[in-house]
1. Which value, in debye to the nearest 20, gives the size of the charge dipole of the range 103-233 about its Cα centre, when Lys and Arg are +1 and Asp and Glu are -1 at the Cβ?
2. Out of residues 5 or more away from LEU248 or on other chains, whose amide H comes under 5 Å of its own, with H placed 1.01 Å from N in the peptide plane?
3. The range 20-91: percent of C-alpha pairs farther apart than 18 Å?
4. Rg and Dmax of the range 314-392 over Cα atoms: what are they, in angstrom?
5. Translational diffusion coefficient of the range 300-351 at 37 °C, 0.692 mPa s, Stokes-Einstein with Kirkwood Rh over Cα pairs, in µm²/s as a whole number.
6. Loop-only check: which trypsin sites (Lys or Arg not before Pro) in the range 151-237 are DSSP coil with at most 12 other Cβ within 10 angstrom?
7. Report, in cubic angstrom per residue, the convex hull volume of the C-alpha atoms of the range 214-371.
8. What whole-number volume per residue, in cubic angstrom, does the convex hull of the C-alpha atoms of the range 248-307 give?
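Bear in mind that the values in this text are calculations on the coordinates, not laboratory data. Because the structure is predicted, anything quoted here is derived from the model rather than measured. All Cβ positions, even for glycine, are placed from backbone atoms using ideal geometry, and neighbour counts span all protein chains on display.
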Amino acid sequence: MSELALPEEWIETKLSSIYTKIVGGGTPSKSNPSYFEGEIPWMSVKDMKGYTPKDTQDHITQEAIENSATNLIPEGVPIIATRMSLGKVVVVNFDTAINQDLKAIFLPEHVINSYFVYWYRSKDNLIISLGTGTTVKGIRLDNLKNLSFTLCSLNEQQEIVKRLDKHLTTVSQIKARLDAIPKLIEKFRQSVLNDAVSGALCNNQNVNSSIVSELCDFQNGFAFKSGWFLKQGKFQVIKLGNIRENRLAIENSPAFLDENIGKDHSKFCANKNDILISMTGTRFKRDYGFSCLVTESEKFLINQRVGRFIVNEEKIIHKYLLLILRSNGFRNDFFEGETGGVNQGNVGSNHIKNISINYPDISTQEKIVNKTEVLFSFADQIEKSVATAKARVDHLTQSILHQAFTGNLTAEWREQNPELVSGDNSAEALLAKIKAEKQGGGKKKSSKE
């Protein structure tokens, strides 16, 4: 039981004393493909997106149900995940079969399904903490049954559901608006980049045109042997996974070389103000070609398929070149040279060195860089504010649920409606009715329960 002080009109009891039955599921034999050619929805954890999924990815036949451990769950019955995605709960408006990682919680008529769902959502952190297992976490049925359930009168359940529907709908709307902002910020950044390299940002008229090899040296990385890699060492190897958009992510799966090997391959060192680019990824998905600046004088060695721009600062400053490399125009030219098989895409160094770029004089480049840094700083500040706001909104959901299931959300309502929470309408009387219903057999059970 919890140590929270609940309203005197409420009762705290074990979940096992509330539900009428828990029904599990199973997976029809994959060796019989015809089982998965039906029209009956079959739910697994991957379908538990949101709280009211509209359909399932897989559908099975009646024969599949009859020849497996799965069960058909009526619409409106809460379904929870007991393995993977712990804390997830959904309710759907269609009958669905379920797999072995899910359980359906059948409730008596004295407990509103929506009330149960909100209560379960309020316990998600606790449920996650109760998960056991090394690679995939699951919750034991005994731990689930022993969860403390807060029971209030049927009238107050209805009032809580009504208020939570209203408050959490508002929270969801706020979250949706906040979720849309990062895309707007990214569009803003790309607009700034395009204006910077097109001349619109500083209205520069006099531009030069050269291919990359005329402005800087370009070097491809070395194919260091994986057997050389260490967890610690003097030289860190910069691999494809370390090159992110405008950021050198040295924390991503760091690999090091000892000092002797590093010194033997020192010509592949990336120096401060060099620009790195990833040259391999998934074909047609444009998930590479990202560029970032080396900002520290560290011992970095570039691995194969990582390219290095060594900039001639007399012609183009490194920060201005980085703006060009990040722009849509350059990326379009970059991917025109994509080759490779079905899955892996590559862009070669010869293609990169022959991409033509436009650039103004050094003085104008400096002005453009300064203006973009101010604008990007503004975008960064907004992004941080949005991240902070999202964290607060995420916390707000749990805060509202906490208020609901400690009785604070409806405290004034109870004072105004004492007759709806006392006597025959009390939680104590309600629990007695639930026990009587359970002793009487409750609802009709599934033939395969």
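1. Charge dipole, the range 103-233, about its Cα centre: 440 debye, nearest 20.
2. HN-HN under 5 Å from LEU248: LEU293.
3. 38 percent
4. For the range 314-392, the Cα radius of gyration and maximum Cα-Cα distance read 17.2, 49 Å.
5. The calculation lands on 255 µm²/s.
6. LYS225, LYS231
7. 117 Å³
8. Normalising the Cα hull of the range 248-307 by residue number yields 89 Å³.
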